[in-house]
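Every read-out reported here was derived from the displayed coordinates using simple, explicitly stated rules and does not represent laboratory data. Since we're looking at a predicted model, the values are computed, not measured. We place every Cβ from the backbone using ideal geometry, glycine too, and count neighbours over all the protein chains shown.
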Amino acid sequence: MVSLRSLSIWFFFFVFLINPSISIRTSFIKLPTSDRSRYCDSWRLAAETNNAGTWDVIPSICVDFVAEYLNGDQFRSDYDVIADYALAFAKSVEIAGDGKDVWIFDIDETLLTNIDYYKAHGYGSEPYDDNSFSEWVVQGTAPAFDSSLRLYNALKKLGFTIILLTGRDEHQRSSTETNLRDAGYSGWERLLLRGPNDQGKSATKYKSEQRSKLIEEGFKIRGNSGDQWSDLLGFAVADRSFKVPNPMYYIP
């Protein structure tokens with residue numbers, strides 16, 4: 001006879017299979033009692049490859065691990081490798097010279113690093129606070145990632161049109177533009193921010209719609225760089241997309 005427990009387990013997997021919108025959060029996964037570093041390394045891989053599904057905060061046991069990763073050589077090496085892959089692809093693209101060959105960049109944790117903000121907020125172990133982060137954005141002090149600045153400037157030299165597509169709000173335009181220029185970025189074609197009609201939309205929907213508008217204008221989206229899968233997936237996607245590392249948070 002099949003036990004009630006077995007039926008419950010099979011029911012859970014049946015529901016999950018017929019409804020892919022259901023995601024397994026990290027809190028469902030039994031955490032190890034030993035070898036914390038190995039678990040956290042594997043958890044970071046699962047998060048980066050989008051296998052962890054939707055999650056709200058990093059596992060509490062991994063705070064020190066994430067902090068060490070973000071402030072250490074491995075993170076810089078990981079970002080460098082991704083920038084190198086992106087640049088190698090960019091060099092293979094035949095630029096038409098009409099200004100329509102586009103490379104899209106996200107801003108937060110892609111062009112600008114907010115590590116100083118997240119140091120004060122548990123490296124992603126605390127729930128996101130919109131008001132607190134907005135105050136940080138207004139300060140306009142986030143530095144550039146060395147790897148992203150290198151890639152950004154190389155793409156401009158190759159002839160790509162640069163478009164910045166961010167989840168920041170329109171009222172943050174001035175502080176965002178000032179921060180970008182102070183960090184060394186210049187020469188972008190457009191800076192697209194959330195307007196009143198974009199409020200409440202998921203990042204995937206909002207960014208897909210913005211990319212669709214660009215395509216309707218005749219732009220060809222050759223490349224796209226972002227730290228979230230929602231920067232890259234959806235519809236009207238780029239010819240090639242490049243996910244840069246960010247183990248601190250997940251935006252659907």
field: Histogram of C-alpha separations across the stretch 78-140, 5 Å bin width, %
entry: 4, 12, 18, 18, 12, 12, 10, 9, 5, 1
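So if each residue of separation counts as 0.36 nm, and I subtract the Cα-Cα distance between E189 and T141, what length gain in nm does that give? Don't skip to the answer; put the middle values down first.
Working: separation 48, 0.36 × 48 = 17.28 nm, distance 2.23 nm.
15.0 nm is the gain from fully extending E189 to T141.
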Estimated 222 nm signal from helices in the chain, with DSSP H stretches of n ≥ 4 weighted -39500 (n - 2.57), rounded to 500: -13500 deg cm²/dmol
task: Might you report the magnitude of the Cβ-based charge dipole of the chain about its Cα centre, with Lys and Arg at +1 and Asp and Glu at -1, to the nearest 20 debye?
output: 640
- request: With label points built 7 Å along Cα→Cβ from the Cα atoms of A120 and E216, find their separation and express it in nm.
  value: 4.1
- request: Give the shape of the stretch 123-203 as rounded, prolate or oblate, defined through the alpha-carbon gyration tensor: a ≥ b ≥ c are the square roots of its eigenvalues, a/c under 1.5 means rounded, and otherwise the shape is prolate if a/b is larger than b/c and oblate if not.
  value: prolate
query: Against the longest principal axis of the chain, how steep is helix 173-182, in degrees 0 to 90 to the nearest 10, with axes from Cα atoms?
result: 80
field: Pairwise label distance in nanometres, K201 with K91, each label 7 Å out on the Cα-Cβ vector
entry: 3.6
- prompt: [x] 60, 41, 40; [y] 70, 38, 38; [z] 66, 37, 26: which one is Cα extents along the principal axes in Å as calculated from this entry?
  reply: [y]
statement: In the structure shown, of K91/K207; K157/K201; K91/K201; K119/K213, the pairs separated by more than 28 angstrom at the C-alpha atoms are K157/K201; K91/K201; K119/K213
message: Checking the a/c ratio against 1.5 first, then a/b against b/c, what shape does the Cα gyration tensor give for the stretch 48-105?
response: prolate
Relative packing of 201-213, 77-89, which averages over residues the other C-beta atoms within 10 Å, highest first: 201-213, 77-89
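Between N71 and D182, how high is the FRET efficiency from 1/(1 + (r/R0)^6) when r is the Cβ-Cβ distance and R₀ = 22 Å? Nearest 0.05.
Approximately 0.50, to the nearest 0.05.
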message: Nearest 10 degrees is fine. How inclined is helix 203-216 to the longest principal axis of the chain, computing both from alpha carbons?
response: 30
- prompt: Projected onto the charge dipole of the stretch 82-217 (+1 at Lys/Arg Cβ, -1 at Asp/Glu Cβ, origin at the Cα centre), which of V102, S208, N114 gives the Cα projection farthest towards the positive end?
  reply: V102
- prompt: To the nearest 0.05, what FRET efficiency results for D239 and D130 with a Förster distance of 22 Å applied to their C-beta separation?
  reply: 0.10
